[in-house]
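The values are calculated or read from the model by the stated rules, or taken from the named source; none is laboratory data. This is a predicted model, so every value here is computed, not measured. Here the Cβ positions follow ideal geometry from the backbone for every residue, glycine too, while neighbour counts run over all protein chains shown.
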Amino acid sequence: MANVQQVSLAEMARGGGKILNRGDSAHMNAGAPPTLDDLMQSLQFSPGDGRIWLNGQRMQLLHTSSLGNLRHELMESLGIEKTRGLLTRVGYSAGVRDAQLLRERWPGAEPAALFAAGPRMHALEGAVKVEPVHFEFDVERGTYHGEFLWHHSSEDEAHIAHFGIGTEPACWMQTGYAIGYTSALVGRLIIYREVECQSMGHRHCRLVGKPADEWDDVEEDLSYLNAEEFVSTNAYGQRATSKNTAVLFPAAGDDADQERQMVGVSSAFNAACHMLRRVAPTEATVLFTGESGVGKEMFASMLHQISRRSQRPFVAVNCAAIPETLIESELFGVERGAFTGASESRPGRFERAAGGTLFLDEIGTLSMVAQGKLLRALQEGEIERVGGVRTLRVNVRVVAATNVNLREEIRQGRFREDLFFRLNVFPIHLPPLRDRREDIPLLMSYFLRHYGQKHQRRLTGFTARAVDALLNYAFPGNIRELQNLVERGTIYADEDGPIDLPHLFTSGEEAEQSYFSLSVTGRLQQRDGAQGAGGASPGRQLLDLVPGMLNPGGAWSLDQLEQTLIAAAVEQAGGNLSAAARLLGLSRPTLAYRMRKIHEAGAPPDSPGE
């Protein structure tokens, strides 16, 4: 297939191969994946203080038998299905994290070449030896299919030691890792299934991966990624009609409210879901906190759906959208003749939510007068319509949300402390998207399908640079902003093509800043990518310190350039190695390791050499 990047078993095993771009059959040295030696150099041990680092991230060695004991106890206490889900999610998180680390460590690597580093990374971590049978990764169209063999699975060894040979695959954590790693690189949810497993008596494990919407009965696979049953397992659609088509037109009877399905697998998201499940059966008042766009109303709606009040109304009020002069009548209702224009009696939101749930969004915007009347309604369970003389009993569960710090509002005299304590019975904080980046590939895939249906567009996925931009963007608008970006890209992109970077950031988002990486010749090369809204990259900062690095006539070697960069960073940081490491985008132990290598080679780190 001339249009698809293909890497055979032998090619991938030797660390190079035909890393092809569309229309280009030449071997691309700059896109070669990190070798096993490269990866090993990113692993540092500091036995004196009990720490190990891999690409600057803290690691820990554990006995496989101890992990097997943990697995055994989990299965005895939680059952097989819950244990499988838990370990799958742990693996998914590890896979996404490794993909991020490799992107940061080798920003100049081609996407398909970077993908080939995953098996080496997993082997270095002692999990399994990966033997690629075949994979197709079309970087430009964002499509992927792969098949792999696993040898020496540590997870299988631990499982067989406790449970022997069975009838079901047991590499749950490793399957989750493969899903997370590949999804983070492709930008679409890629589901793997273990079709053969050593725990079933096979000689090796065999794994097949492809986009979620190309599998039959994918709901079962997705159920293991979800910490709670109410998290969506049908958000990614039914099987596609053609191999390279990711988005289908809606079928008759599709859920019109599918835009509001809950999607996520990160630990922060799962923690919020667990809290939601715990409080839902009670009558407690819940206060959702978090930045704008994190999904507070969606969580409130789900709280209602899984509560005992689910058959009664769910009424949502955006307190910031109602003028102060009308908020009282909107909440409590109005009697005929209460004021000019009140030609008839009208129930308020409390009455309309009778027996159900009343959601008060942006509660911090209420005036002090409205806060006092709301407090009485919460304390007494009674309201009076504006202009009325009767007291009405109301049976309503109040759920509130705010994107401001209410404790600070209390200190500033803008929010009543007694009302705060009435609302803050069971607080649930919803994390910003930048703290749950493991969820971004899932959300991208979900919104791609949803808006493809809504706008009747057929798209194949996301290009590699679009994926890189979205995974590194700061998302000040959180999920709402990601949702808008994908919808915009769905409209801009060509039919039967992928969403590319120019389709996304078109309204002033600070995401298309240039940054630099090292090529194999030792020169700095400029790349187009996303740096979030936080300023220039460390490479850009250091270019200002070392004039002439990009001079085409210079004879810089890779070692010389590394020495110069380190010297410049240490000088700017005033000798503070921790600060210098941050400038370079490294951990302090990694910087110390590189300086030690330069010293042992006989070249002082403050001189680029001859």
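Details
- Test result for R407, within 30 Å of T325 (Cα to Cα), basic (K, R), touching a helix residue (DSSP H, G or I) at 6+ places or on another chain (Cβ under 7 Å) and in the same structural domain as Q311 (by TED's automatic domain parsing): no
- Residues within the range 406-425 that are under 16 Å from C319 (Cα atoms) and of a type outside the set (D, E, K, R), tallied: 5
- For the range 247-263, the set of residues classified as at pLDDT 85 or above and under 30 Å from D494 (Cβ atoms) consists of V263 only.
- Any hit, the range 488-497, residues being within 24 Å of A113 (Cα to Cα), small (G, A, S) and surrounded by fewer than 18 Cβ atoms within 10 Å (Cβ to Cβ): yes
- Verdict on G477 being at pLDDT 90 or above, of a type in the set (G, A, S), more than 18 Å from the chain's Cα centre (by Cα) and under 24 Å from S292 (Cβ atoms): no
- Positions within the range 344-380 being touching a Gly at 6+ places or on another chain (Cβ under 7 Å) and part of a helix (DSSP H, G or I), in sequence order: E351
- Meets criteria (closer than 30 Å to L287 by Cβ, of a type in the set (D, E, K, R) and not assigned by TED's automatic domain parsing to the domain that holds Y92) for R458: no
- With respect to the conditions (1) outside the structural domain of V294 (by TED's automatic domain parsing); (2) under 27 Å from P281 (Cα atoms), D435 falls short on a single one, namely (2).
- Considering each residue of the range 308-328 in turn, none proves to be hydrophobic (A, V, I, L, M, F, W, C), closer than 14 Å to I428 by Cβ, touching a strand residue (DSSP E or B) at 6+ places or on another chain (Cβ under 6 Å) and outside any helix (DSSP H, G or I).
- Residue within the range 188-209 that is without any contact (Cβ under 8 Å) to a residue 40 or more places away in the chain and of a type in the set (V, I, T) present: yes
- Contact annotation: residue pairs with Cβ atoms under 8 Å, 6 or more positions apart or on different chains, pairing a residue in the range 553-579 that is within 11 Å of I598 (Cβ to Cβ) and modelled with pLDDT of 80 or more with a partner that is of a type in the set (S, T, Y) and not in a helix (DSSP H, G or I), are Q563/S607; A567/S607.
- Counting the residues of the range 190-224 that are out of contact with any Cys (no Cβ under 8 Å at 6 or more places or on another chain), part of a loop (DSSP other than H, G, I, E, B) and modelled with pLDDT of 90 or more gives 5.
- If you go through the range 44-56 and keep only what is surrounded by 14 or more Cβ atoms within 10 Å (Cβ to Cβ) and modelled with pLDDT of 75 or more, you end up with Q44, I52, W53, L54.
- For the range 131-150, a residue qualifies if it is crowded, with 20+ Cβ neighbours inside 10 Å, modelled with pLDDT of 85 or more and hydrophobic (A, V, I, L, M, F, W, C), and the qualifying residues are F148, W150.
- Subset of the range 306-318 [within 20 Å of L366 (Cα to Cα) and in contact with a Gly (Cβ under 8 Å, 6 or more places away or on another chain)]: V315
- Only one of the numbered conditions (1) farther than 23 Å from L222 by Cα; (2) of a type outside the set (A, V, I, L, M); (3) part of a loop (DSSP other than H, G, I, E, B) is violated by P431, and that is (1).
- Residues in the range 453-474 that are in a helix (DSSP H, G or I) and either touching a Gly at 6+ places or on another chain (Cβ under 9 Å) or at pLDDT below 85 (or both): Q453, A464, R465, A466, V467, D468, A469, L470, L471, N472.
- Out of H122, H63, sole residue that is modelled with pLDDT of 85 or more, over 20 Å from the mean Cα position of the chain (by Cα) and surrounded by fewer than 23 Cβ atoms within 10 Å (Cβ to Cβ): H63
- Residue in the range 232-239 that is out of contact with any strand residue (DSSP E or B) (no Cβ under 7 Å at 6 or more places or on another chain) and at pLDDT 85 or above present: no
- Single unsatisfied condition, F426 versus (1) over 24 Å from N226 (Cα atoms); (2) in the same structural domain as V317 (by TED's automatic domain parsing); (3) in contact with a helix residue (DSSP H, G or I) (Cβ under 8 Å, 6 or more places away or on another chain): (1)
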